[in-house]
Amino acid sequence: MDDQYIFVEHDKPFRYEDGETIVTRGSAWSAPGCHLGCGVLIRTDKQGNLIDVEGDPDNPFNQGRLCVRCIATKEAVQSPYRLQYPMKRDKAERGNPDAWQEISWDEAYDTIIEEFNNVKENYGAEAVTFWEGTGRDISAWISRLAWSFGSPNFLPSLNGLACYGPRVYGCFTLSGSFWVGDYSQQFADRYDNPQWKCPEVILVWGNNPVVANSDGAFGHWATDCMKRGSKLIVVDSRCTWLAAKAEVWLQVRPGTDAAVALAMANVMIEEDLYDKEFVELWCTGLDEYSANAANYAPEDVAEYAWVDADDIRAAARMYAAADGGVIQWGVVLDQKDEAIPSCQAVAALMMITGNIDNPGGMIKPPEVLMYLNGWGAELLPEEQAAKKLGPNKYPFYNAGVAVAAADVVIEAIETDQPYPIKAAWIQTTNLLACMGVDPERTLEAFKKLDFIVGVDPYMNPTLQALADIMLPVCMFPERSGIRCGDGCQRIETINKAVDPGNTKSDMQINLELGKRFNPEGWPWDTVEEMFSNIYGSTGLTFEEAQAAAPGYMPFEYYKYKSGKLRPDGSPGFNTPSGRLELWSGMMASFGLDPLPIYKEPSVSPYSTPELYKDFPLVLTTGARRWNTFHAENRQTPHLRAMHSEPAVQMHPDTAASLGVSEGEWVWLEGPKGTTGDVARAKRVVEITPIIDPRVVSTDHGWWHPEGDPKKLYDVMDLNINKLMPWGCGPSGIGANYKSLLCRIYKVEERNSHV
Amino acid sequence: MSNRAMLVDYEWCTGCHSCELSCQMKNNLPVGQFGIKITEIGPWQYDDKKWQYTYVPMITDQCNMCADRIEAGKMPLCVQHCQSGCIEIGDVEQLKLKMTNKSKQLLIQP
């Protein structure tokens with residue numbers, strides 16, 4: 001075992017008897033899904049039945065704590081909605097819930113192999129597309145399945161990769177690395193580590209971390225730090241609990257984040273607040289950046305961002321003065337057509353204040369394993385890789401983006417251009433309910449396909465509408481797996497404790513099918529052997545990792561000074577200039593603006609004033625709720641009861657002017673971008689003063705598992721993404737999910753159906 | 001009367017519901033019944049830029065303070081899972097002493 005890792009000591013093995021029960025220590029990850037992977041103790045009886053799941057007090061990541069979704073694991077695992085066996089359905093019967101027939105795993109695999117190979121022979125492997133949901137621990141295996149089959153068209157069902165990707169790429173364009181807030185999560189001894197410093201300021205930008213738990217950051221690390229003295233600045237269109245506790249809250253109009261960040265830069269430069277020594281030594285492009293920021297005077301920005309100019313100044317001064325300032329940024333920055341410029345604008349604030357690679361600032365996440373951006377790219381022949389859909393339209397897809405572009409694939413399905421698409425493998429994504437946009441168009445496109453496989457723990461609208469074969473997936477207590485973490489990685493394992501019945505894990509399905517398609521590409525007999533191969537770089541076998549986890553890599557700050565950020569070992573950052581590039585040479589090389597800029601959202605009071613007359617409310621979507629992760633958890637009774645229907649949050653004045661009351665069903669109707677089409681979705685009114693009267697906010701991913709399967713579980717009534725067209729900004733990274741327009745009216749008998 | 005009580009540092013409760021659900025799962029409580037329940041006080045704005053926005057967990061008659069877990073040397077499940085670490089169960093006399101150290105606390109004796 002490699003001794004560079006720091007392991008948490010345990011007085012018990014990872015599996016031990018406790019009276020009449022057995023406890024299995026490990027990590028939790030998908031399904032049910034999230035972006036964390038907390039340490040858990042899974043308690044079973046001696047027959048392998050799940051009794052409960054609780055947080056592992058010895059795990060430094062969550063320190064015994066759990067959110068409600070993991071606490072409800074037993075209800076999710078034992079849900080009557082679970083799929084229990086593989087099924088097939090005649091293509092002519094798509095959408096008919098009564099036409100499913102139980103089949104064996106062998107028959108399912110044989111059918112898939114025959115159908116996919118038929119497509120490959122007649123149209124090429126690229127005609128089979130492989131769709132995933134939000135990454136989680138599916139990405140590695142599904143990407144290897146796609147690429148070893150010979151298809152370059154593996155992709156998330158997300159418009160413009162508009163989640164996390166833009167922040168990652170935005171950071172890379174400026175710094176050659178990615179940066180996350182320093183909450184001590186890289187240390188096994190956490191807040192007690194002597195190297196660590198509590199951030200003086202946490203600038204929470206466009207997310208509600210305590211609810212969202214996104215990107216590998218356990219949201220309540222923010223409250224841990226607040227207890228230790230951190231002060232908050234919150235940029236959010238709603239007054240969240242964190243915003244209510246903040247020193248400065250900027251209630252921005254959705255979509256204006258980049259302008260506000262540039263106005264903050266303007267203040268820092270005008271008032272000489274930025275870290276001049278750091279910028280002098282380690283940044284380049286300050287002159288161009290300053291000239292650009294000069295276009296964003298606080299008073300001007302305040303007017304169209306609907307905030308107070310003095311609050312922009314206060315935020316800029318407070319963040320610039322902090323010795324250790326985290327920017328806890330969220331998906332808001334990704335979900336705009338110009339996402340990369342937005343992310344550049346905010347990332348540059350970290351850079352000009354020297355909050356990079358410093359204690360209590362922003363850190364480069366330690367990487368244990370390098371497989372998260374897809375695994376097995378070497379198995380894809382070069383001539384097949386060249387057929388990937390996306391790079392011809394979007395420059396970024398030529399540069400390190402491993403996946404295909406969803407809008408380009410949808411268009412190819414519809415038009416057979418540049419080549420026909422004939423089949424789809426849809427693994428743990430419910431793209432008619434979530435992630436995907438314009439579900440009506442998506443449904444019609446997918447109906448054209450000759451063969452569709454669905455892989456999921458539950459039936460859902462997408463697979464009920466479209467799948468010809470269904471493969472039932474087991475949940476995390478029922479299988480083993482690797483967890484290493486979004487953000488800062490650590491060595492964790494997911495350890496099987498519960499009998500999975502006739503279901504199989506995502507990775508087992510991918511391994512078994514992969515071996516049949518391409519035995520050389522999958523030279524392992526068991527998933528454990530496959531995991532050991534991935535852990536090879538750590539010097540651990542999977543079994544050793546199970547016994548020893550959690551494990552942490554050694555960590556040091558200020559690596560840019562010691563030459564540890566660059567492959568050539570010289571000081572500086574891993575960019576062509578070796579400096580943080582406030583004027584980005586990489587962006588310029590793609591023909592994109594090298595400086596952060598602000599553009600109005602594609603539809604807005606200012607960019608489409610005519611539309612705004614008909615649709616007089618700004619709509620933002622995707623507000624996170626405690627009980628759900630995207631389209632998941634609606635089948636879990638105790639979770640569902642916490643927030644049982646999709647809501648639209650509106651100010652009391654807005655509700656009064658619309659004549660609607662709390663709890664009432666309304667339609668949110670809005671333009672589908674600038675396509676000229678209009679669409680609508682139902683919501684329940686929730687009246688709250690936390691939002692601007694000109695803005696309304698809603699949660700996403702809604703469908704009714706208890707609803708009529710023939711009506712696709714009401715998804716076309718409930719999916720707010722109906723108001724969004726396929727297509728994204730000029731880089732292909734970033735799409736508008738969060739700054740829309742709508743009008744609102746009551747649901748009445750005469751208009752109650754779509 | 002038991003000497004056990006609950007101390008809530010309501011400055012930090014974010015309303016995450018982990019206490020509620022932990023208790024429901026452990027004690028097989030149906031939807032709608034609670035051994036501990038969060039109350040929301042706010043949000044409302046006052047004084048230009050100030051907000052009242054507080055959550056307070058309150059135990060019910062169905063709370064048994066996880067006597068079995070305490071006996072086994074573990075924390076009550078609501079305490080262990082509380083994401084902001086704002087609740088504590090212990091001897092009422094000792095908790096009274098902690099009351100004097102910090103503002104925004106609530107001592108609940110069932």
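A few points about this structure:
- Taking B:Met75, A:Met226 and ordering them by how much accessible surface each has at a 1.4 Å probe, largest first, produces B:Met75, A:Met226.
- Gaussian network model of chain B, Cα within-10 Å springs - most flexible of B:Cys23, B:Cys13, B:Cys63: B:Cys63
- Between chain A and chain B, roughly 2800 Å² of accessible surface gets buried, counting both sides and using a 1.4 Å probe.
- Length gained when the stretch A:Ser104-A:Asp45 is fully extended (0.36 nm per residue, less Cα-Cα span): 18.4 nm
- Projecting label points 7 angstrom from Cα along Cα→Cβ for A:Asp189 and A:Tyr85 puts them 5.6 nm apart.
- For region A:1-73 and region A:106-157, distance of Cα centres in Å: 32 Å
- Contact order relative to length of region B:4-108, as percent, for alpha carbon pairs under 8 angstrom and 6 or more apart: 42 percent
- Nonlocal amide H pairs with A:Trp329, under 5 Å, H built at 1.01 Å: A:Trp205
- From largest to smallest, the equivalent ellipsoid semi-axes obtained for region A:554-673 from the alpha-carbon gyration tensor read 45, 26, 12 Å.
- Among B:Gln80, B:Gln45, B:Gln24, the residue with the largest mean-square fluctuation in a Gaussian network model of chain B, with springs joining Cα atoms closer than 10 Å, is B:Gln45.
- Of A:Lys88/A:Lys504; A:Lys447/A:Lys672; A:Lys227/B:Lys104; A:Lys336/A:Lys599, pairs whose Cα-Cα distance is over 20 Å: A:Lys447/A:Lys672
- Surface composition of chain A: carbon plus sulfur atoms hold 48% of the accessible area, using a 1.4 angstrom probe and ignoring ligands, DNA and RNA.
- Evaluating 6.51 cos²θ - 1.76 cosθ + 1.60 at θ = phi - 60° for every residue in region A:305-310, the Karplus couplings come out as 8, 6, 10, 8, 4, 5 Hz, glycine and proline recorded as x.
- Carbon + sulfur, % of accessible area of chain B - ligands and nucleic acids excluded, 1.4 Å: 51 percent
- Every Cα-Cα pair of region B:4-108 was included, and the share exceeding 16 Å stands at 59 percent.
- Taking each DSSP H run with n ≥ 4 as -39500 (n - 2.57) and averaging over every residue of chain A yields -7500 deg cm²/dmol at 222 nm.
- Using heavy atoms of the protein chains and a probe of 1.4 Å, the accessible area assigned to A:Arg680 is about 40 Å².
- Computed FRET value (nearest 0.05) for A:Lys12 with B:Ala67, which takes r as the C-beta separation and R₀ as 25 Å: 0.60
- Derived scalar couplings between HN and Hα for region A:481-488 equal x, 9, 10, 10, x, 7, x, 5 Hz in order, rounded to whole Hz, by the Karplus curve 6.51 cos²θ - 1.76 cosθ + 1.60 (θ = phi - 60°), x for Gly and Pro.
- Extension gain from B:Asp91 to B:Glu11, taking 0.36 nm per residue of separation minus the Cα-Cα distance: 26.7 nm
- Stretching A:Ala291 away from A:Ala588 to a fully extended chain increases their span by 105.2 nm, per 0.36 nm per residue minus the current alpha-carbon distance.
- Distances between placed amide hydrogens fall under 5 Å for A:Val696 paired with A:Val618, A:Leu619, A:Thr620, all partners being 5 or more residues away or on another chain.
- Cross-linked pairs A:Lys722/B:Lys49; A:Lys74/A:Lys722; A:Lys91/A:Lys120: Cα-Cα separations exceed 28 Å for A:Lys722/B:Lys49; A:Lys74/A:Lys722.
- For the protein assembly as shown, the direction-averaged projected area of the alpha-carbon convex hull comes to 34.5 nm².
- If a spin label sat at a point 7 angstrom from the Cα of A:Asp272 along the line to its beta carbon, the backbone N atoms of region A:286-310 nearer than 19 Å would be those of A:286-287, A:290-291, A:294.
- Using C-alpha pairs under 8 Å with a sequence gap of at least 6, the mean separation divided by the residue count of chain A gives a relative contact order of 20 percent.
- Accessible area (Å², 1.4 Å probe, nearest 10) - A:Thr688: 10 Å²
- For the protein assembly as shown, size of Cβ-based charge dipole, Lys and Arg +1, Asp and Glu -1, in debye: 920 debye
- Shielding by partners, peptide A:59-68 (average Cβ within 10 angstrom, other chains): 5
- With protein chains left intact and a 1.4 Å probe, residues in region A:142-256 average 19 Å² of accessible area per residue.
- With the simple spin-label model, which puts each label point 7 Å out from Cα in the Cβ direction, the A:Ser577 to B:Asp48 separation comes to 4.1 nm.
- Spatially, region B:20-40 and region A:543-562 are offset by 38 Å when compared through their Cα centroids.
- FRET efficiency estimate (nearest 0.05) - Cβ-Cβ, A:Glu121 to B:Lys98, R0 56 angstrom: 0.15
- Converting phi to 3J(HN,Hα) with the Karplus coefficients 6.51, -1.76 and 1.60 and the offset θ = phi - 60°, region A:231-236 yields 9, 10, 10, 10, 10, 7 Hz in sequence order, with x at every glycine or proline.
- Within region B:4-108: Cβ-based charge dipole about Cα centre, in debye rounded to nearest 20 (Lys, Arg +1; Asp, Glu -1): 120 debye
- In this rough spin-label picture, where each label sits 7 Å from Cα along the Cβ direction, the A:Asn502-A:Asp308 distance is 6.4 nm.
- Per residue, region B:4-108 exposes 49 Å² of accessible surface when a 1.4 Å probe is rolled over the protein heavy atoms with every protein chain present.
- Between the amide H of A:Val648 and those of A:Val684, A:Val685, A:Glu686, distances stay under 5 Å, these residues lying 5 or more places away or on another chain, with hydrogens modeled in the peptide plane.
- Largest to smallest in accessible area, the residues A:Asp45, A:Asp300, A:Asp182 fall in the order A:Asp300, A:Asp45, A:Asp182 (1.4 Å probe, all protein chains included).
- When nucleic acids and ligands are ignored and a 1.4 Å probe is applied, A:Phe172 ends up with an accessible area of around 80 Å².
The values are calculated or read from the model by the stated rules, or taken from the named source; none is laboratory data. The structure presented is a predicted model; accordingly, all values stated were derived computationally and were not measured. Don't worry about glycine lacking a Cβ; one is built from the backbone with ideal geometry, like all the others, and counts go over all protein chains shown. Remember, those area values only see protein heavy atoms, side chains included, never the ligands or the DNA or RNA. Shrake-Rupley method; radii C 1.70, N 1.55, O 1.52, S 1.80 Å.
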